[in-house]
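What follows is a single structure, written as structure tokens, with notes after it.
The values are calculated or read from the model by the stated rules, or taken from the named source; none is laboratory data. This is a predicted model, so every value here is computed, not measured. Cβ placement follows ideal geometry from the backbone for every residue including glycine, while neighbour counts extend to all protein chains displayed. These area figures cover heavy atoms from the full protein model, side chains too; ligands, DNA and RNA do not enter into them. Shrake-Rupley method; radii C 1.70, N 1.55, O 1.52, S 1.80 Å.
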Amino acid sequence: MVKKLKNAKVPVFDAQAFLDSAGLGRVVRKFRGKETVFAQGAPARNVMYIQEGGVKLTVVNETGKEAVVAIVGPGDFFGEGCLAGQSKCMATAITVAPTTVLVIEKDEMIRALHEEHEFSDRFIAHMLGRNIRVEEDLIDQLFNSSEKRLARTLLLLARYGKQDEPQMILPKVSQEMLAEMIGTTRPRVNFFMNKFRKLGFIQYNNSQVHINKSLLSVVLHD
């Protein structure tokens with residue numbers, strides 16, 4: 001029998017280490033670009049955390065019309081609806097680049113939220129940030145031009161304003177997807193992307209888009 005030392009310290013829980021590694025109730029999975037992580041209507045059993053890459057969430061209505069509702073990147077959670085009683089996935093999650101995801105079983109996620117305060121605080125901060133983003137997206141759709149909406153979307157994809165440094169180089173996303181995200185047409189997206197490129201706000205080639213911080217001037221301009 002191993003005796004505990006009287007002054008032995010309990011190991012400190014490291015939230016980032018938990019999210020960076022596999023363990024009991026969680027597994028790391030790697031996906032290729034444009035690969036389905038889960039489909040709309042599938043059983044909702046896990047919470048996902050993105051270690052690398054990115055995922056777009058799309059919803060299809062009864063008539064077959066598809067809409068992109070969000071794009072999430074490194075440090076983001078998705079699939080958290082299972083914690084609120086959702087039995088089925090409300091959206092389809094598809095990778096936009098080679099992506100590494102930590103898949104956390106629902107019961108393990110609940111345990112960690114109840115027992116590990118650091119992890120719980122981090123997850124709550126994520127959910128509050130997600131709610132703020134939804135409100136900002138709605139205001140953006142109601143009041144801003146398609147040019148501003150596109151500039152804001154590109155900056156968000158570049159993670160501008162996050163605590164970590166913005167990555168600024170994105171896997172090239174299709175203009176069709178950008179059009180769906182901001183609620184306009186592909187020709188309009190093509191027009192503004194060319195305009196941004198000529199003004200030096202962005203550069204892109206066949207595989208990548210480089211976002212310059214100067215693109216923020218489009219969002220701030222009245």
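What to note about this one:
- Whole-angstrom gap from segment 68-134 to segment 9-55, using each part's C-alpha centre: 9
- Per residue, segment 32-126 exposes an accessible area of 50 Å² to a 1.4 Å probe, with every protein chain left in place.
- Across the chain, C-alpha contacts under 8 Å between residues 6 or more apart give a mean separation that, scaled by the residue count, equals a relative contact order of 19 percent.
- Considering only the Cα atoms of segment 11-56, their convex hull presents on average a projected area of 4.1 nm².
- Restricting the trypsin sites (Lys or Arg not before Pro) of segment 169-219 to loop positions (DSSP other than H, G, I, E, B) with no more than 15 neighbouring Cβ atoms within 10 Å leaves Lys172.
- Taken over the chain, the ratio of Cα radius of gyration to 2.2 N^0.38 Å equals 1.15.
- Potential extension, Leu128-Arg111 segment - 0.36 nm per residue separation minus Cα distance: 4.1 nm
- Charge dipole (debye, nearest 20) of the chain; +1 at Cβ of Lys and Arg, -1 at Cβ of Asp and Glu: 500
- Probe 1.4 Å - accessible area at Val69, Å² to nearest ten: 80
- Area of Met181 that stays accessible when all protein chains are in place (1.4 Å probe, Å², to 10): 40
- Taking Thr185, Thr58, Thr153 as the candidate residues, the one with maximal mean-square fluctuation in a Gaussian network model of the chain, Cα springs under 10 Å, is Thr185.
- Angle between the chain longest axis and helix 186-198 axis [Cα atoms, degrees, rounded to 10]: 90
- Extension gain for Arg32 to Asn144 (0.36 nm times residue separation, less C-alpha to C-alpha distance): 36.9 nm.
- Residue of Val12, Val37, Val27 that the Gaussian network model of the chain assigns the largest fluctuation, springs spanning Cα pairs under 10 Å: Val12
- Degrees between helix 117-143 axis and first principal axis of the chain (Cα, 0 to 90, nearest 10): 20
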